[in-house]
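J.: Let me begin by handing over the structure; questions about it come next.
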Amino acid sequence: MTPLQLGSLVEALGSHFSLDGTSRREFSIEIDPRTVAPPYLADLAAMGFNRVSLGVQDCDPDVQQAVNRVQPIEETLRVIDSARNAGFGSISIDLIYGLPLQTLERFDRTLTSILAARPERLAVYGYAHLPQVFKAQRQIRTEDLPSPSTRLALLEMTIARLTAAGYVYIGMDHFALPDDELVRAQAEGKLHRNFQGYSTRAHCDIIGMGVSSIGKVAHLYAQNQKTLRDYYAAMAANRLPVLRGVALTQDDEIRREVIQQIMCNDVIEFAALGSYFGIDPGHYFATEFARLVPLAGDGLIDLRPGRIAVTETGRLLRRNVAMIFDAYLTCTAAAPAYSRAI
């Protein structure tokens, strides 16, 4: 979008919503460093944006070529400098491990390059190879992908390097500097997770606008139409362009809270959970607790009366612990598939 188009959008939003004009606001935007010049970042800052996320994935030229995303590190560093000069207070870098041709040595060099820029946050995601879903991935050769053991080694190296550089491992895929609000929220047990990753904004409505976007309002999730044709047709008929939605049951809400606590705070306190929802967690989750026993035997969790806590080792595999409580997944404790989570 041009600055004029985006500025018009922000102005229109401001006519319908009370946008925060103070320094406490959180106006974030994700940009592709290959498409943004310094003046554009200044325009964004003038519109009120104060956080920016940059997609980098990997700095190695061979890996970039393999995923068809050639992006010189010098270009990325220029955008980071321009964002800081424009007044952005928080810069986040997105990296991906598990990409084709990645090795420990190559990704170590990528981490060195990014750490030199000292971004406030880093998100390091595991690559999900789903060519049957994403057409662009069909160009990637399966034989070029790292093995599960290499993927695990890449994640372990990333955690070690970033924590040694002073970043706090929030969990799953997020890292932040010690003075970041994510770190403070986790220390206070107030961390939250939504479609965008970890956040300090708990229980907020999320308004999804545009093709395929997903929103959450009260107890409802809804996704918009996935094609421009269907989206425009709904708008022309004065209808919300919703493709599908889910109204949460009480069981959904209970399980969502349990999964949130696992993913964000590493602990489930039965007393608080039972009091909030009016249930006996031990009875309600009797089947799930039985399936947690093997995970405790593997050292991923600490099972105690009235409490479940994720161990330091288990933090790498939070997803496996959370999956036990997901009523929509078919997973067994006998086959926890750790490598798939990594």
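The values are calculated or read from the model by the stated rules, or taken from the named source; none is laboratory data. Small disclaimer: the values here were computed from a predicted structure and weren't measured. Cβ placement follows ideal geometry from the backbone for every residue including glycine, while neighbour counts extend to all protein chains displayed.
J.: Which condition number in (1) part of a strand (DSSP E or B); (2) within 30 Å of ALA234 (Cβ to Cβ) is the one that TYR198 fails?
T.: Of the numbered conditions (1) part of a strand (DSSP E or B); (2) within 30 Å of ALA234 (Cβ to Cβ), the odd one out for TYR198 is (2).
J.: Cβ-Cβ under 7 Å, sequence separation 6+ or interchain: first residue in region 35-57 and more than 20 Å from GLY197 (Cβ to Cβ), partner part of a helix (DSSP H, G or I) and not small (Gly, Ala, Ser). Which pairs?
T.: Pairs that qualify, where the first residue is more than 20 Å from GLY197 (Cβ to Cβ) and the partner is part of a helix (DSSP H, G or I) and not small (Gly, Ala, Ser), are VAL36/VAL79; TYR40/PRO3; ASP43/PRO3; MET47/LEU6; MET47/VAL10; GLY48/VAL10.
J.: Next question, about the same structure. Filter region 129-169 down to the residues that are touching a residue at least 12 places away in the same chain (Cβ under 8 Å) and part of a loop (DSSP other than H, G, I, E, B), then identify the one that is surrounded by the most Cβ atoms within 10 Å (Cβ to Cβ).
T.: Looking at residues that are touching a residue at least 12 places away in the same chain (Cβ under 8 Å) and part of a loop (DSSP other than H, G, I, E, B), I get TYR167.
J.: Looking at (1) out of contact with any Gly (no Cβ under 7 Å at 6 or more places or on another chain); (2) over 24 Å from ALA272 (Cβ atoms); (3) not hydrophobic (A, V, I, L, M, F, W, C), which is the one condition that is false for ARG151?
T.: Against the list (1) out of contact with any Gly (no Cβ under 7 Å at 6 or more places or on another chain); (2) over 24 Å from ALA272 (Cβ atoms); (3) not hydrophobic (A, V, I, L, M, F, W, C), ARG151 comes up short only on (1).
J.: Looking only at region 238-283, filter to residues that are among the charged types (D, E, K, R) and under 16 Å from THR311 (Cα atoms); which one of those is surrounded by the most Cβ atoms within 10 Å (Cβ to Cβ)?
T.: ASP266
J.: Here is a check on your reading of the model: is GLN186 of a type in the set (S, T, N, Q), in a strand (DSSP E or B) and not assigned by TED's automatic domain parsing to the domain that holds ARG24?
T.: So GLN186 fails the test.
J.: Would region 16-39 turn up any residue that is among the basic types (Lys, Arg) and surrounded by fewer than 13 Cβ atoms within 10 Å (Cβ to Cβ)? So that I can check it myself, show each step before the final result.
T.: Step one: of region 16-39, the residues among the basic types (Lys, Arg) are 24-25, 34.
Going one step further and asking which of them are surrounded by fewer than 13 Cβ atoms within 10 Å (Cβ to Cβ), we end up with 24.
Within region 16-39 (the criterion being among the basic types (Lys, Arg) and surrounded by fewer than 13 Cβ atoms within 10 Å (Cβ to Cβ)), the answer is yes, since at least one residue qualifies.
J.: Might you check whether a residue that is over 30 Å from SER23 (Cβ atoms), of a type in the set (D, E, K, R) and assigned by TED's automatic domain parsing to the domain that holds LEU41 occurs anywhere in region 86-104?
T.: No: region 86-104 contains no residue that is over 30 Å from SER23 (Cβ atoms), of a type in the set (D, E, K, R) and assigned by TED's automatic domain parsing to the domain that holds LEU41.
J.: Do we have PRO100 as touching a Leu at 6+ places or on another chain (Cβ under 6 Å) and in a loop (DSSP other than H, G, I, E, B) here?
T.: It is true that PRO100 is touching a Leu at 6+ places or on another chain (Cβ under 6 Å) and in a loop (DSSP other than H, G, I, E, B).
J.: Does TYR231 satisfy the condition of being crowded, with 16+ Cβ neighbours inside 10 Å, among the hydroxyl-bearing types (Ser, Thr, Tyr) and either more than 16 Å from ILE324 (Cα to Cα) or touching a strand residue (DSSP E or B) at 6+ places or on another chain (Cβ under 7 Å) (or both)?
T.: Against the criterion (crowded, with 16+ Cβ neighbours inside 10 Å, among the hydroxyl-bearing types (Ser, Thr, Tyr) and either more than 16 Å from ILE324 (Cα to Cα) or touching a strand residue (DSSP E or B) at 6+ places or on another chain (Cβ under 7 Å) (or both)), TYR231 qualifies.
J.: Between residues in region 247-273 that are free of Cβ contacts under 8 Å to residues at least 40 places away in the same chain and under 23 Å from VAL183 (Cα atoms) and residues that are loosely packed, with under 14 Cβ neighbours inside 10 Å and aromatic (Phe, Trp, Tyr), which pairs lie under 9 Å by C-beta distance while being six or more apart or on different chains?
T.: GLU257/TYR276
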